[in-house]
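Q: First the structure, then my questions, so here it is.
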Amino acid sequence: MRSQVTTKTGDDGSTRILAGDRVPKDDPIVEATGALDSLRAELALLRLEILEADGGAHEPEAAFLWWLLHACFLIGAEVSDPLKKHPKWRQGEIGPKHLAHLEEEQARVEALTPLPRSFIVSAANRAAARADLAATTARAFERRLVTLKRAVPEFPADHLLRFTNRLSDYLFMLARRLDGDTHLPVDYAVLLL
């Protein structure tokens with residue numbers, strides 16, 4: 001039986017990107033799409049953690065994460081074809097409406113979440129910890145996006161950089177929202193011996 005996923009064409013350390021080119025698997029395009037894959041997986045796990053943890057208390061947040069999961073596919077098409085060689089294979093692009101939707105959701109979460117006036121040392125529960133991990137993964141994707149933009153200066157990535165930067169902020173705030181009223185600030189007294 002022929003495999004549905006194994007082609008063996010990548011056995012030489014190369015892969016084909018959406019633009020149609022074969023590139024090494026450590027090409028900045030592949031690095032960025034890989035970082036995006038990690039982010040998408042973290043968002044999916046965070047959504048499941050929220051749905052399973054609180055019996056519907058955070059359904060708006062879970063619904064927004066579902067939207068973000070779909071946005072990852074628009075981002076992925078842009079990243080994998082940075083010079084728009086095959087626009088017909090795109091289902092759209094991240095634009096001002098997407099950024100506005102992200103900013104509106106962040107504002108909603110922030111309005112519900114007073115922050116302590118100190119650094120947070122740890123999340124207070126698993127869902128909040130997953131959100132912190134997703135925020136970290138979003139920042140890693142953002143760094144790969146910057147590297148890709150530097151490698152392909154013609155890549156019009158400013159809108160993706162804005163969106164990704166806001167996304168990590170949103171995920172940090174979501175983590176604090178999921179902490180509830182329990183924030184675990186840094187306590188340097190712990191270090192005294």
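The values are calculated or read from the model by the stated rules, or taken from the named source; none is laboratory data. Source: prediction; values computed, not measured. All Cβ positions, glycine included, derive from the backbone under ideal geometry; neighbour counts span all protein chains shown.
Q: Select from the range 102-138 the residues that are farther than 29 Å from Gly34 by Cα and of a type in the set (Asp, Glu) and list them in ascending order.
A: Correct list: Glu110 only.
Q: Out of the residues in the range 6-53 meeting the condition of being closer than 24 Å to His70 by Cβ and touching a Gly at 6+ places or on another chain (Cβ under 7 Å), tell me which one is modelled with the lowest pLDDT.
A: Thr33
Q: Take the residues in the range 122-153 that are surrounded by 16 or more Cβ atoms within 10 Å (Cβ to Cβ) and among the charged types (D, E, K, R); name whichever of them is farthest from the chain's Cα centre (by Cα).
A: Once the filter is applied, the top-ranked residue is Lys149.
Q: Let me spell it out: the conditions are (1) buried (at least 17 other Cβ atoms within 10 Å of the Cβ); (2) more than 20 Å from Ser168 (Cβ to Cβ); (3) of a type in the set (A, V, I, L, M), and Ala71 meets all of them except one. Which number is the exception?
A: Evaluating Ala71 over (1) buried (at least 17 other Cβ atoms within 10 Å of the Cβ); (2) more than 20 Å from Ser168 (Cβ to Cβ); (3) of a type in the set (A, V, I, L, M) leaves (2) as the failure.
Q: Of the residues Arg126, Arg130, which single one is modelled with pLDDT of 95 or more and among the charged types (D, E, K, R)?
A: Working: Arg126 fails: modelled with pLDDT of 95 or more.
Going through Arg126, Arg130 in turn, the sole match is Arg130.
Q: Continuing with this model, one more query. I'd like the residue in the range 89-138 that is of a type in the set (Val, Ile, Thr) and in contact (Cβ under 8 Å) with a residue 60 or more places away in the chain and, out of all such residues, is farthest from Glu42 (Cα to Cα). Even if it seems obvious, please write down each step before you answer.
A: We begin by selecting, within the range 89-138, every residue of a type in the set (Val, Ile, Thr); these are 94, 109, 113, 120-121, 136-137.
The next check asks that each one be in contact (Cβ under 8 Å) with a residue 60 or more places away in the chain; those that pass are 94, 109, 113, 120-121, 137.
Values: Ile94: 20, Val109: 19, Thr113: 22, Ile120: 20, Val121: 20, Thr137: 8 Å.
The residue in question is Thr113.
Q: Modelled with pLDDT of 95 or more, among the β-branched types (Val, Ile, Thr) and in contact with an Asp or Glu (Cβ under 6 Å, 6 or more places away or on another chain), is that true of Thr164?
A: Numbers: modelled with pLDDT of 95 or more: yes; among the β-branched types (Val, Ile, Thr): yes; in contact with an Asp or Glu (Cβ under 6 Å, 6 or more places away or on another chain): yes.
Considered against the rule, which asks whether it is modelled with pLDDT of 95 or more, among the β-branched types (Val, Ile, Thr) and in contact with an Asp or Glu (Cβ under 6 Å, 6 or more places away or on another chain), Thr164 comes out as yes.
Q: Further, regarding this structure: Considering each residue of the range 98-121, count those that are more than 20 Å from Phe163 (Cα to Cα) and surrounded by 16 or more Cβ atoms within 10 Å (Cβ to Cβ), and give that number.
A: Count: 2.
Q: Leu160 versus (1) within 22 Å of Leu45 (Cβ to Cβ); (2) crowded, with 17+ Cβ neighbours inside 10 Å: which is the lone unmet condition?
A: (1)
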